[in-house]
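Coordinate-derived values only; no laboratory data. Everything quoted here is computed from the prediction, not taken from an experiment. Methodologically, a virtual Cβ is constructed for each residue, glycine included, from the backbone with ideal geometry; neighbour enumeration extends over all protein chains shown.
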Amino acid sequence: MPIRVLLDRVLLERRMSLTELADRVGVTIANLSILKTGKARAVRFSTLAALCRELDCQPGDLLHYEAGPSDDLPDDEDG
């Protein structure tokens, strides 16, 4: 997937644990772990907004696009 999640880097910079962030955002540790490891296929805007609020960052601080061969989406997934 060409989108990388940089949650681990931002957590380290903020000296915050995944458990603390989960409590603040109201998302399970398991779901944040899936996001952090890059295994998530989607993220709700409300979750992204809550993460940005609690981490005092912008969405671009959490997400990074890397061009590559997996950029092609089937026609039914184009936005």
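Here are a few things to note about the model shown:
- Using the Cβ-Cβ distance between Arg15 and Ala67 with R0 set to 22 Å, the FRET efficiency from 1/(1 + (r/R0)^6) comes to roughly 0.10.
- Extent of the chain along its three principal axes (Cα atoms, max minus min coordinate, largest first): 39, 21, 20 Å.
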